[in-house]
1. From the set of residues in the range 316-344 that are touching a helix residue (DSSP H, G or I) at 6+ places or on another chain (Cβ under 6 Å) and at pLDDT 90 or above, which is surrounded by the fewest Cβ atoms within 10 Å (Cβ to Cβ)?
2. Kindly indicate whether residue 256 is closer than 18 Å to residue 196 by Cα and in the same structural domain as residue 368 (by TED's automatic domain parsing).
3. Suppose the filter is modelled with pLDDT under 95, under 23 Å from residue 280 (Cβ atoms) and outside the structural domain of residue 253 (by TED's automatic domain parsing); does residue 148 pass it?
4. For the range 370-388: of the residues being in contact with a strand residue (DSSP E or B) (Cβ under 8 Å, 6 or more places away or on another chain) and exposed (fewer than 14 other Cβ atoms within 10 Å of the Cβ), which is nearest to residue 153 (Cα to Cα)?
5. Of the numbered conditions (1) over 30 Å from residue 173 (Cβ atoms); (2) out of contact with any helix residue (DSSP H, G or I) (no Cβ under 9 Å at 6 or more places or on another chain); (3) in contact (Cβ under 8 Å) with a residue 24 or more places away in the chain; (4) not in a loop (DSSP other than H, G, I, E, B), residue 378 fails exactly one; give the number of that condition.
6. What's the total number of residues in the range 342-365 that are part of a helix (DSSP H, G or I) and in contact (Cβ under 8 Å) with a residue 12 or more places away in the chain?
7. So is residue 304 touching a residue at least 40 places away in the same chain (Cβ under 8 Å) and over 25 Å from the mean Cα position of the chain (by Cα) or not?
8. Looking only at the range 219-239, decide whether some residue is without any contact (Cβ under 8 Å) to a residue 24 or more places away in the chain and farther than 20 Å from residue 294 by Cβ.
(Lines give C-alpha, C1' and ligand atoms only; values in the text may rest on other atoms or scores of the structure.)
Protein backbone atom coordinates (compact mmCIF):
# COMPACT_ATOMS: atom_id res chain seq x y z
CA UNK A 1 0.00 0.00 0.00
CA UNK A 2 2.83 2.38 0.74
CA UNK A 3 4.34 1.75 -2.65
CA UNK A 4 1.19 2.63 -4.57
CA UNK A 5 0.73 5.78 -2.54
CA UNK A 6 4.17 7.05 -3.51
CA UNK A 7 3.53 6.25 -7.13
CA UNK A 8 0.26 8.21 -7.02
CA UNK A 9 2.04 11.25 -5.57
CA UNK A 10 4.80 11.29 -8.22
CA UNK A 11 2.50 11.02 -11.18
CA UNK A 12 0.92 14.55 -10.86
CA UNK A 13 4.39 16.11 -10.59
CA UNK A 14 5.57 14.45 -13.76
CA UNK A 15 2.43 15.52 -15.50
CA UNK A 16 2.97 19.17 -14.55
CA UNK A 17 6.60 19.08 -15.72
CA UNK A 18 5.48 17.65 -19.03
CA UNK A 19 2.97 20.47 -19.48
CA UNK A 20 5.60 23.13 -18.78
CA UNK A 21 8.06 21.65 -21.25
CA UNK A 22 5.43 21.33 -23.95
CA UNK A 23 4.25 24.92 -23.38
CA UNK A 24 7.83 26.29 -23.74
CA UNK A 25 8.29 24.52 -27.03
CA UNK A 26 4.99 25.92 -28.32
CA UNK A 27 5.98 29.49 -27.34
CA UNK A 28 9.33 29.19 -29.11
CA UNK A 29 7.65 27.86 -32.21
CA UNK A 30 5.18 30.72 -32.23
CA UNK A 31 7.92 33.30 -31.85
CA UNK A 32 9.81 31.84 -34.79
CA UNK A 33 6.75 32.27 -36.94
CA UNK A 34 5.67 35.75 -35.78
CA UNK A 35 9.01 37.61 -35.86
CA UNK A 36 9.78 37.02 -39.57
CA UNK A 37 6.32 38.18 -40.44
CA UNK A 38 6.86 41.35 -38.40
CA UNK A 39 10.17 42.07 -40.17
CA UNK A 40 8.58 41.53 -43.53
CA UNK A 41 5.74 43.88 -42.62
CA UNK A 42 8.22 46.52 -41.49
CA UNK A 43 10.14 46.34 -44.75
CA UNK A 44 6.94 46.57 -46.72
CA UNK A 45 5.93 49.64 -44.73
CA UNK A 46 9.22 51.33 -45.56
CA UNK A 47 8.88 50.55 -49.24
CA UNK A 48 5.22 51.54 -49.39
CA UNK A 49 4.61 54.11 -46.68
CA UNK A 50 1.06 54.86 -45.72
CA UNK A 51 -0.66 57.86 -47.18
CA UNK A 52 0.46 61.15 -45.58
CA UNK A 53 3.87 59.83 -44.48
CA UNK A 54 7.19 61.14 -45.94
CA UNK A 55 10.48 59.26 -45.97
CA UNK A 56 13.97 60.87 -46.27
CA UNK A 57 15.83 59.45 -49.28
CA UNK A 58 19.68 59.67 -49.25
CA UNK A 59 21.14 61.63 -52.23
CA UNK A 60 22.89 59.66 -54.97
CA UNK A 61 26.72 59.67 -54.89
CA UNK A 62 28.40 62.65 -56.67
CA UNK A 63 30.40 61.29 -59.59
CA UNK A 64 31.25 64.69 -61.11
CA UNK A 65 34.53 65.09 -59.11
CA UNK A 66 37.09 62.58 -57.87
CA UNK A 67 36.85 61.45 -54.28
CA UNK A 68 39.98 62.08 -52.17
CA UNK A 69 41.39 59.06 -50.41
CA UNK A 70 44.15 58.78 -47.85
CA UNK A 71 46.59 57.74 -50.53
CA UNK A 72 45.94 60.79 -52.69
CA UNK A 73 48.77 63.40 -52.63
CA UNK A 74 47.59 67.00 -52.40
CA UNK A 75 48.65 69.23 -55.29
CA UNK A 76 51.91 71.14 -54.89
CA UNK A 77 51.49 74.75 -53.82
CA UNK A 78 53.19 77.34 -55.98
CA UNK A 79 54.13 80.89 -55.11
CA UNK A 80 52.58 83.46 -57.44
CA UNK A 81 55.19 84.96 -59.75
CA UNK A 82 55.85 88.72 -59.61
CA UNK A 83 54.18 90.88 -62.18
CA UNK A 84 55.74 90.59 -65.59
CA UNK A 85 57.34 87.23 -64.93
CA UNK A 86 56.34 83.77 -66.03
CA UNK A 87 55.03 81.63 -63.14
CA UNK A 88 57.46 78.96 -62.06
CA UNK A 89 56.60 75.38 -62.95
CA UNK A 90 55.82 72.93 -60.11
CA UNK A 91 58.87 71.53 -58.36
CA UNK A 92 60.24 68.34 -59.77
CA UNK A 93 62.82 65.88 -58.58
CA UNK A 94 66.34 67.34 -58.81
CA UNK A 95 68.26 66.33 -61.89
CA UNK A 96 71.98 66.46 -62.56
CA UNK A 97 72.85 69.38 -64.83
CA UNK A 98 75.85 71.48 -65.76
CA UNK A 99 76.58 74.06 -63.04
CA UNK A 100 75.76 77.61 -64.07
CA UNK A 101 75.32 81.07 -62.61
CA UNK A 102 71.79 81.63 -61.35
CA UNK A 103 70.66 85.21 -61.78
CA UNK A 104 69.07 86.78 -58.72
CA UNK A 105 66.01 89.03 -59.24
CA UNK A 106 67.99 92.09 -58.12
CA UNK A 107 71.31 91.23 -59.75
CA UNK A 108 70.80 93.81 -62.49
CA UNK A 109 72.12 93.76 -66.01
CA UNK A 110 75.73 94.41 -66.89
CA UNK A 111 76.43 97.80 -68.39
CA UNK A 112 76.14 97.70 -72.17
CA UNK A 113 79.23 98.21 -74.28
CA UNK A 114 79.77 101.60 -75.79
CA UNK A 115 79.02 101.90 -79.50
CA UNK A 116 82.68 102.59 -80.22
CA UNK A 117 83.73 99.26 -78.77
CA UNK A 118 81.49 97.30 -81.08
CA UNK A 119 81.97 99.36 -84.22
CA UNK A 120 85.78 99.29 -84.27
CA UNK A 121 88.07 102.05 -85.55
CA UNK A 122 87.86 104.13 -88.68
CA UNK A 123 90.80 103.35 -90.99
CA UNK A 124 92.48 105.77 -93.39
CA UNK A 125 92.66 104.30 -96.94
CA UNK A 126 96.39 105.10 -97.11
CA UNK A 127 97.24 103.41 -93.80
CA UNK A 128 99.02 100.09 -93.53
CA UNK A 129 96.74 97.46 -92.04
CA UNK A 130 98.26 94.87 -89.74
CA UNK A 131 96.24 91.74 -89.22
CA UNK A 132 96.90 90.15 -85.81
CA UNK A 133 96.23 86.49 -85.15
CA UNK A 134 98.22 85.07 -82.24
CA UNK A 135 99.82 87.57 -79.83
CA UNK A 136 99.83 86.46 -76.19
CA UNK A 137 99.03 89.08 -73.55
CA UNK A 138 100.43 88.77 -70.03
CA UNK A 139 99.59 90.67 -66.86
CA UNK A 140 102.79 90.58 -64.78
CA UNK A 141 103.28 91.44 -61.13
CA UNK A 142 106.82 92.23 -59.98
CA UNK A 143 107.76 91.85 -56.32
CA UNK A 144 110.91 91.84 -54.22
CA UNK A 145 112.03 89.31 -51.63
CA UNK A 146 109.68 90.86 -49.07
CA UNK A 147 106.70 90.47 -51.41
CA UNK A 148 106.52 94.23 -51.95
CA UNK A 149 105.49 95.49 -55.42
CA UNK A 150 108.18 96.90 -57.71
CA UNK A 151 107.06 99.46 -60.29
CA UNK A 152 110.28 100.69 -61.94
CA UNK A 153 111.22 97.75 -64.17
CA UNK A 154 112.09 98.66 -67.78
CA UNK A 155 111.10 96.68 -70.87
CA UNK A 156 114.71 95.61 -71.61
CA UNK A 157 114.91 94.05 -68.13
CA UNK A 158 112.17 91.52 -68.93
CA UNK A 159 112.73 88.17 -70.62
CA UNK A 160 109.86 85.99 -71.80
CA UNK A 161 110.27 82.27 -72.48
CA UNK A 162 107.72 79.86 -73.94
CA UNK A 163 108.61 76.22 -73.37
CA UNK A 164 112.13 77.47 -72.64
CA UNK A 165 112.46 79.35 -75.95
CA UNK A 166 113.09 83.15 -75.74
CA UNK A 167 110.32 85.30 -77.20
CA UNK A 168 110.42 88.84 -78.56
CA UNK A 169 108.35 91.36 -76.62
CA UNK A 170 106.02 93.18 -79.03
CA UNK A 171 104.24 95.41 -76.53
CA UNK A 172 105.08 96.71 -73.07
CA UNK A 173 103.26 99.03 -70.68
CA UNK A 174 103.04 99.74 -66.99
CA UNK A 175 100.13 102.13 -67.19
CA UNK A 176 97.16 101.65 -64.89
CA UNK A 177 94.28 100.04 -66.76
CA UNK A 178 90.66 99.41 -65.73
CA UNK A 179 90.03 96.32 -63.60
CA UNK A 180 87.12 93.94 -64.02
CA UNK A 181 86.83 91.45 -61.20
CA UNK A 182 84.39 89.20 -59.44
CA UNK A 183 83.92 88.63 -55.73
CA UNK A 184 83.18 84.91 -55.32
CA UNK A 185 82.15 84.21 -51.73
CA UNK A 186 81.48 80.86 -50.06
CA UNK A 187 78.22 81.01 -48.07
CA UNK A 188 78.21 77.43 -46.79
CA UNK A 189 78.03 76.58 -43.10
CA UNK A 190 81.81 76.35 -42.76
CA UNK A 191 82.06 80.17 -42.97
CA UNK A 192 79.29 80.84 -40.47
CA UNK A 193 81.58 82.42 -37.86
CA UNK A 194 83.47 84.58 -40.40
CA UNK A 195 80.69 85.82 -42.69
CA UNK A 196 80.33 89.29 -41.13
CA UNK A 197 84.05 90.04 -41.40
CA UNK A 198 84.11 88.61 -44.93
CA UNK A 199 81.35 91.03 -45.92
CA UNK A 200 83.34 93.92 -44.44
CA UNK A 201 86.46 92.84 -46.37
CA UNK A 202 84.41 92.72 -49.56
CA UNK A 203 83.20 96.25 -48.95
CA UNK A 204 86.80 97.43 -48.47
CA UNK A 205 87.73 96.00 -51.86
CA UNK A 206 84.68 97.52 -53.55
CA UNK A 207 85.28 100.93 -52.02
CA UNK A 208 88.79 100.97 -53.53
CA UNK A 209 87.33 100.85 -57.05
CA UNK A 210 88.42 103.67 -59.35
CA UNK A 211 86.63 105.19 -62.36
CA UNK A 212 86.44 102.56 -65.09
CA UNK A 213 86.57 99.61 -62.67
CA UNK A 214 83.65 97.16 -62.66
CA UNK A 215 82.83 94.22 -60.41
CA UNK A 216 80.26 91.47 -59.90
CA UNK A 217 79.29 89.37 -56.86
CA UNK A 218 78.70 85.61 -56.71
CA UNK A 219 77.32 83.72 -53.72
CA UNK A 220 77.76 79.96 -53.77
CA UNK A 221 76.86 76.89 -51.72
CA UNK A 222 76.68 73.71 -53.81
CA UNK A 223 76.57 73.02 -57.55
CA UNK A 224 72.87 73.88 -57.77
CA UNK A 225 73.22 77.16 -55.90
CA UNK A 226 75.79 79.44 -57.54
CA UNK A 227 74.01 82.79 -57.53
CA UNK A 228 74.92 85.98 -59.37
CA UNK A 229 73.82 88.44 -56.69
CA UNK A 230 75.01 91.48 -58.66
CA UNK A 231 76.21 91.50 -62.25
CA UNK A 232 79.05 93.71 -63.53
CA UNK A 233 78.58 97.29 -62.41
CA UNK A 234 80.63 100.37 -61.56
CA UNK A 235 78.07 101.39 -58.92
CA UNK A 236 79.63 100.79 -55.50
CA UNK A 237 76.26 101.16 -53.74
CA UNK A 238 74.75 98.27 -55.70
CA UNK A 239 77.72 96.08 -54.83
CA UNK A 240 77.68 96.91 -51.11
CA UNK A 241 73.91 96.36 -50.97
CA UNK A 242 74.38 92.93 -52.54
CA UNK A 243 77.11 92.12 -49.99
CA UNK A 244 74.70 92.99 -47.17
CA UNK A 245 72.27 90.36 -48.51
CA UNK A 246 74.71 87.46 -48.08
CA UNK A 247 73.77 84.76 -45.57
CA UNK A 248 75.00 81.31 -44.59
CA UNK A 249 73.12 78.07 -45.22
CA UNK A 250 73.93 74.38 -45.26
CA UNK A 251 75.12 72.52 -48.32
CA UNK A 252 77.96 70.47 -49.83
CA UNK A 253 80.44 73.15 -50.93
CA UNK A 254 81.27 73.26 -54.67
CA UNK A 255 84.38 75.45 -54.89
CA UNK A 256 85.56 74.15 -58.28
CA UNK A 257 82.16 74.66 -59.95
CA UNK A 258 81.86 78.19 -58.54
CA UNK A 259 85.31 79.19 -59.82
CA UNK A 260 84.65 77.59 -63.23
CA UNK A 261 81.44 79.48 -64.00
CA UNK A 262 82.67 82.73 -62.39
CA UNK A 263 85.88 82.70 -64.47
CA UNK A 264 83.75 82.26 -67.59
CA UNK A 265 81.70 85.31 -66.64
CA UNK A 266 84.80 87.41 -65.95
CA UNK A 267 86.50 86.37 -69.21
CA UNK A 268 83.51 86.85 -71.49
CA UNK A 269 82.39 90.28 -70.27
CA UNK A 270 83.10 92.97 -72.90
CA UNK A 271 85.30 90.57 -74.80
CA UNK A 272 85.47 90.44 -78.55
CA UNK A 273 87.25 93.62 -79.61
CA UNK A 274 90.93 92.92 -79.02
CA UNK A 275 91.95 96.35 -80.27
CA UNK A 276 90.43 98.13 -77.28
CA UNK A 277 90.55 95.29 -74.76
CA UNK A 278 93.17 96.28 -72.20
CA UNK A 279 91.12 95.34 -69.17
CA UNK A 280 92.66 93.33 -66.37
CA UNK A 281 90.33 90.50 -65.32
CA UNK A 282 90.42 88.82 -61.92
CA UNK A 283 88.47 86.82 -59.36
CA UNK A 284 88.71 87.24 -55.59
CA UNK A 285 87.70 83.91 -54.04
CA UNK A 286 86.83 83.71 -50.33
CA UNK A 287 86.34 80.16 -49.03
CA UNK A 288 87.71 77.42 -46.79
CA UNK A 289 88.72 75.58 -49.95
CA UNK A 290 87.11 72.24 -49.08
CA UNK A 291 85.41 71.06 -52.26
CA UNK A 292 82.80 68.44 -51.44
CA UNK A 293 80.36 68.23 -54.32
CA UNK A 294 81.60 69.81 -57.59
CA UNK A 295 80.59 68.29 -60.91
CA UNK A 296 83.65 69.66 -62.70
CA UNK A 297 86.99 68.00 -61.93
CA UNK A 298 90.19 69.88 -61.13
CA UNK A 299 91.69 68.98 -64.52
CA UNK A 300 88.67 70.45 -66.29
CA UNK A 301 88.88 73.63 -64.23
CA UNK A 302 92.58 74.28 -64.88
CA UNK A 303 92.24 73.44 -68.57
CA UNK A 304 89.53 76.11 -68.74
CA UNK A 305 91.61 78.65 -66.80
CA UNK A 306 94.48 78.22 -69.28
CA UNK A 307 92.15 79.40 -72.02
CA UNK A 308 91.16 82.54 -70.11
CA UNK A 309 93.46 85.30 -68.86
CA UNK A 310 91.79 85.65 -65.46
CA UNK A 311 93.92 86.09 -62.34
CA UNK A 312 92.63 84.51 -59.13
CA UNK A 313 93.25 85.93 -55.68
CA UNK A 314 92.32 83.68 -52.77
CA UNK A 315 91.45 84.28 -49.13
CA UNK A 316 91.42 80.83 -47.55
CA UNK A 317 89.96 80.13 -44.12
CA UNK A 318 91.46 76.68 -43.64
CA UNK A 319 92.32 76.67 -39.94
CA UNK A 320 89.12 74.96 -38.85
CA UNK A 321 89.55 72.07 -41.30
CA UNK A 322 90.79 68.70 -40.09
CA UNK A 323 94.58 68.58 -40.28
CA UNK A 324 95.16 64.93 -39.37
CA UNK A 325 96.32 62.93 -42.40
CA UNK A 326 96.69 59.22 -42.99
CA UNK A 327 99.64 57.23 -44.27
CA UNK A 328 98.70 57.80 -47.92
CA UNK A 329 95.82 60.25 -47.49
CA UNK A 330 96.11 64.01 -47.26
CA UNK A 331 94.13 65.81 -44.61
CA UNK A 332 91.21 68.06 -45.57
CA UNK A 333 93.33 71.09 -44.77
CA UNK A 334 96.21 69.93 -46.97
CA UNK A 335 93.86 69.29 -49.89
CA UNK A 336 92.29 72.72 -49.52
CA UNK A 337 95.62 74.54 -49.29
CA UNK A 338 96.92 72.68 -52.36
CA UNK A 339 93.85 73.61 -54.42
CA UNK A 340 93.84 77.28 -53.41
CA UNK A 341 97.59 77.70 -53.92
CA UNK A 342 97.34 76.10 -57.36
CA UNK A 343 94.48 78.41 -58.36
CA UNK A 344 96.60 81.44 -57.48
CA UNK A 345 99.88 80.18 -58.92
CA UNK A 346 98.62 79.01 -62.30
CA UNK A 347 96.72 82.24 -62.96
CA UNK A 348 99.35 84.69 -61.70
CA UNK A 349 97.33 85.63 -58.64
CA UNK A 350 98.07 85.26 -54.97
CA UNK A 351 96.78 83.21 -52.01
CA UNK A 352 96.27 84.44 -48.45
CA UNK A 353 95.58 82.22 -45.44
CA UNK A 354 94.60 84.45 -42.51
CA UNK A 355 94.98 83.07 -38.99
CA UNK A 356 92.77 85.76 -37.45
CA UNK A 357 89.92 87.88 -38.75
CA UNK A 358 91.90 91.02 -37.90
CA UNK A 359 94.10 90.34 -40.93
CA UNK A 360 91.27 90.77 -43.43
CA UNK A 361 91.45 94.57 -43.90
CA UNK A 362 95.19 94.42 -44.69
CA UNK A 363 94.66 91.49 -47.06
CA UNK A 364 91.94 93.41 -48.90
CA UNK A 365 94.33 96.35 -49.32
CA UNK A 366 97.12 94.09 -50.64
CA UNK A 367 94.82 92.50 -53.21
CA UNK A 368 93.68 95.84 -54.60
CA UNK A 369 97.29 97.10 -54.71
CA UNK A 370 98.49 93.95 -56.51
CA UNK A 371 95.75 94.18 -59.13
CA UNK A 372 96.81 97.73 -60.01
CA UNK A 373 100.61 97.51 -59.79
CA UNK A 374 101.16 95.35 -62.86
CA UNK A 375 102.84 95.39 -66.24
CA UNK A 376 101.26 94.41 -69.55
CA UNK A 377 103.52 92.40 -71.88
CA UNK A 378 102.60 90.94 -75.27
CA UNK A 379 104.68 88.64 -77.46
CA UNK A 380 104.38 86.78 -80.73
CA UNK A 381 104.99 83.04 -80.16
CA UNK A 382 107.70 81.50 -82.32
CA UNK A 383 105.81 78.21 -82.27
CA UNK A 384 103.03 78.67 -84.83
CA UNK A 385 101.57 75.16 -84.54
CA UNK A 386 97.85 75.18 -83.80
CA UNK A 387 97.90 71.82 -82.07
CA UNK A 388 96.04 72.56 -78.83
CA UNK A 389 99.13 71.79 -76.74
CA UNK A 390 99.97 73.45 -73.44
CA UNK A 391 102.71 76.11 -73.69
CA UNK A 392 104.56 76.88 -70.46
CA UNK A 393 105.39 80.56 -69.89
CA UNK A 394 108.14 81.98 -67.71
CA UNK A 395 108.90 85.67 -67.26
CA UNK A 396 112.31 86.51 -65.82
CA UNK A 397 113.89 89.82 -64.84
CA UNK A 398 117.56 90.60 -65.29
CA UNK A 399 119.43 91.44 -62.11
CA UNK A 400 120.24 95.12 -61.72
CA UNK A 401 123.40 96.35 -59.94
CA UNK A 402 122.65 97.65 -56.48
CA UNK A 403 119.02 96.45 -56.51
CA UNK A 404 117.29 93.63 -54.68
CA UNK A 405 116.22 90.43 -56.38
CA UNK A 406 113.08 91.07 -58.44
CA UNK A 407 110.54 88.33 -59.13
CA UNK A 408 107.98 88.33 -61.97
CA UNK A 409 104.65 86.62 -61.33
CA UNK A 410 102.25 85.77 -64.15
CA UNK A 411 100.17 82.86 -65.41
CA UNK A 412 102.05 79.60 -65.91
CA UNK A 413 100.98 79.05 -69.52
CA UNK A 414 98.17 78.69 -72.01
CA UNK A 415 96.63 76.17 -74.38
CA UNK A 416 97.45 76.81 -78.03
CA UNK A 417 94.48 77.06 -80.40
CA UNK A 418 93.59 73.96 -82.34
CA UNK A 419 93.08 74.21 -86.12
CA UNK A 420 91.25 76.97 -87.97
CA UNK A 421 92.33 80.57 -88.41
CA UNK A 422 91.90 83.29 -85.81
CA UNK A 423 89.62 86.18 -86.83
CA UNK A 424 91.59 89.23 -88.03
CA UNK A 425 91.75 92.39 -85.93
CA UNK A 426 93.46 95.74 -86.48
CA UNK A 427 96.66 96.38 -84.54
CA UNK A 428 97.92 99.78 -83.36
CA UNK A 429 99.95 101.78 -85.83
CA UNK A 430 103.77 101.64 -85.50
CA UNK A 431 103.78 105.15 -84.01
CA UNK A 432 102.02 103.87 -80.87
CA UNK A 433 104.80 101.41 -79.97
CA UNK A 434 106.81 101.85 -76.80
CA UNK A 435 109.93 104.01 -77.31
CA UNK A 436 113.27 102.24 -77.09
CA UNK A 437 114.16 104.29 -74.03
CA UNK A 438 111.79 102.16 -72.00
CA UNK A 439 109.45 105.00 -71.06
CA UNK A 440 105.98 103.57 -71.64
CA UNK A 441 103.60 105.34 -73.93
CA UNK A 442 99.90 104.55 -73.30
CA UNK A 443 98.82 102.29 -76.11
CA UNK A 444 96.48 99.44 -76.76
CA UNK A 445 98.19 96.03 -76.57
CA UNK A 446 97.76 94.09 -79.78
CA UNK A 447 96.09 90.79 -79.28
CA UNK A 448 97.63 88.69 -81.99
CA UNK A 449 100.42 88.08 -84.50
CA UNK A 450 100.96 90.84 -87.11
CA UNK A 451 101.29 90.59 -90.85
CA UNK A 452 101.43 93.72 -93.03
CA UNK A 453 99.24 94.45 -96.01
CA UNK A 454 98.76 97.71 -97.91
CA UNK A 455 95.18 98.77 -98.42
CA UNK A 456 94.45 99.56 -102.09
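1. 318
2. no
3. So residue 148 passes the test.
4. Out of the qualifying residues, it is 382.
5. All conditions are met except number (1).
6. Total satisfying the criteria: 12.
7. no
8. Checked the range 219-239: at least one residue is without any contact (Cβ under 8 Å) to a residue 24 or more places away in the chain and farther than 20 Å from residue 294 by Cβ.
The values are calculated or read from the model by the stated rules, or taken from the named source; none is laboratory data. The structure presented is a predicted model; accordingly, all values stated were derived computationally and were not measured. When we count neighbours, we look across all protein chains shown, and the Cβ atoms used for this are built from the backbone with ideal geometry, even at glycine.
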